[in-house]
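J.: Just dropping this structure here.
The values are calculated or read from the model by the stated rules, or taken from the named source; none is laboratory data. For clarity, every value in this text was computed on a predicted model and none was experimentally measured. Because the Cβ atoms are built from the backbone with ideal geometry, glycine has one as well, and the counts that use them run over all protein chains shown. Heads up: the accessible areas ignore ligands, DNA and RNA and are worked out on the full protein's heavy atoms, side chains in. Shrake-Rupley method; radii C 1.70, N 1.55, O 1.52, S 1.80 Å.
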Amino acid sequence: MFNPSLISGGLYDSNVFSSNTMKRSDIAAVIEPTLRARTLWERHGVDLKLDAQSTVYHENSSLNQTDASLKGNAWFDIAHDLAVLTNFQIAHLNEGVGTLSSPSNAVQPTPYNLLSGDLSIRKQFNRLAASVGARVDSYEYGTTRAQDGTVINQDARDGQIYAAHGRIDYAFSPGFGWFGGVEGNQRDLRGLPGQPLNSQGYRALSGFTIGLTNLISGEFGAGYVQQRFDNPAIGTIEGPSYRAMLMWRPTRLLDVHFKAEQLVTETSDTSTNGVLANAVQLGLDYELRRNVIVSLGGGYESDRFFGQQRKDHVVTSDARVKYLMNRFGAISVFHRYTARTSDIPAFNYDKHQVGINVTAQF
């Protein structure tokens, strides 16, 4: 089955450089073609998605960017209780100006190539299910430019991230279960002389899963996380960790989703590239009419930096209305807001984005 679609639209951005000193507004045109292909086999399955997104600004052409990606996942039933699961992504992407991983003084998106793949085996033993797998992510970064026109080379971030993961689930009843999982990683990144980016770490979580028919489903886990960086300026980031996901459907017209998670990540600045991030997201989708869907979302993130006296707080909101004209077309309008406050005032900023999209699909 092949399903092509095309999204075209435009947006207004009140602060295109995500800066508190160089505030500029602009409008941009967006076009996003997509082709999805999936099998209709009874047992096994393959699902592929090829898409691209091009954004062109009216006055600030340095911000123009084009992303392209091929994603896929597949499942193969070796037996009724044994399956092989896999997914991959091949992509050329861009980090937006002002994001956490973009260089702080960049005025252009940072391009990079991503090659990612995961392979897992899942086995069912009556009420007990176990899975084990491995994953690799390979990054190749290009260059961007600073405000003074100098080139910012980002190839120090090139490299691979290897991960091995395992999980056990036990169902006490059809609607209640227990899980335990662990993931270890090895980050082999190029770095700079005297400023290595390599690190090793793990995260272990255990908790409960719930699933009461179609009304409510979720997962709640707690555990411990540790990431040991080779750079002594960063050291070891460790402590209690958690993850919570919940989907609640109080009526046939309303879906409420919630997610909270703690992660150890990195930034592009080699002197402050260890970050402990705590993020919470809450959203809802309401079917106002059969062909009108209202979506509201909000989020909060706290970023604690290691290797520098800095802590950031990020607040986001997203509101959109989607009108389904028929099974082949839709129109949506949206408003997004982002505000970052930091112990270092140079990183403070806020921005509004307002836009409209038209979708044609088959």
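Conditions (1) out of contact with any Phe, Trp or Tyr (no Cβ under 8 Å at 6 or more places or on another chain); (2) modelled with pLDDT of 95 or more; (3) open to solvent by 30 Å² or more (accessible area, probe 1.4 Å), marked per residue:
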| residue | (1), (2), (3) |
| --- | --- |
| Thr21 | yes, no, yes |
| Thr34 | yes, yes, no |
| Glu42 | yes, no, yes |
| Val56 | yes, yes, yes |
| Ala79 | yes, no, yes |
| Ala83 | no, yes, no |
| Phe88 | yes, yes, yes |
| Gly96 | yes, no, no |
| Asp118 | no, yes, no |
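J.: If you don't mind, another one. Scan the range 58-77 residue by residue and report those that are among the hydrophobic types (A, V, I, L, M, F, W, C), open to solvent by less than 80 Å² (accessible area, probe 1.4 Å) and more than 19 Å from Pro111 (Cβ to Cβ).
T.: Ala74
J.: I'd like the full set of residues that are under 21 Å from the mean Cα position of the chain (by Cα) and on the phi > 0 side of the Ramachandran plot, limited to the range 147-177.
T.: Gly159
J.: Sticking with this structure for a sec: Test of understanding: among Phe334, Phe347, which residue is open to solvent by less than 60 Å² (accessible area, probe 1.4 Å), within 21 Å of Val16 (Cβ to Cβ) and at pLDDT 95 or above?
T.: Sole residue among the options that is open to solvent by less than 60 Å² (accessible area, probe 1.4 Å), within 21 Å of Val16 (Cβ to Cβ) and at pLDDT 95 or above: Phe334.
J.: Still on this structure, please answer the following. Filter the range 44-54 for residues that are open to solvent by 50 Å² or more (accessible area, probe 1.4 Å), within 22 Å of Ser120 (Cα to Cα) and modelled with pLDDT of 95 or more and give the result.
T.: Across the range 44-54, the qualifying residues are Leu48, Lys49.
J.: Would you check if there is a residue in the range 276-284 being open to solvent by 70 Å² or more (accessible area, probe 1.4 Å), more than 26 Å from Tyr141 (Cβ to Cβ), of a type outside the set (A, V, I, L, M) and under 16 Å from the mean Cα position of the chain (by Cα)?
T.: yes
J.: Identify, please: which residue in the range 220-261 is open to solvent by less than 40 Å² (accessible area, probe 1.4 Å), among the polar types (S, T, N, Q) and at pLDDT 90 or above and is, among those, nearest to Asn94 (Cα to Cα)?
T.: Gln227
J.: For the range 129-146: of the residues being more than 30 Å from Leu205 (Cβ to Cβ) and not hydrophobic (A, V, I, L, M, F, W, C), which is farthest from the chain's Cα centre (by Cα)?
T.: Arg145
One line per residue, one yes/no per condition, for (1) touching a residue at least 40 places away in the same chain (Cβ under 8 Å); (2) in contact with a Gly (Cβ under 6 Å, 6 or more places away or on another chain); (3) hydroxyl-bearing (Ser, Thr, Tyr); (4) more than 20 Å from Thr265 (Cα to Cα):
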position: Gly98; (1), (2), (3), (4): yes, no, no, no
position: Lys123; (1), (2), (3), (4): yes, no, no, yes
position: Gly133; (1), (2), (3), (4): yes, no, no, yes
position: Ser138; (1), (2), (3), (4): no, no, yes, no
position: Thr143; (1), (2), (3), (4): no, no, yes, yes
position: Gln147; (1), (2), (3), (4): yes, no, no, yes
position: Gln160; (1), (2), (3), (4): no, no, no, no
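J.: Also, quick follow-up: Restrict the check to the range 206-218 and report whether at least one residue is in contact (Cβ under 8 Å) with a residue 40 or more places away in the chain and over 25 Å from Thr316 (Cβ atoms).
T.: Scanning the range 206-218 turns up at least one residue that is in contact (Cβ under 8 Å) with a residue 40 or more places away in the chain and over 25 Å from Thr316 (Cβ atoms).
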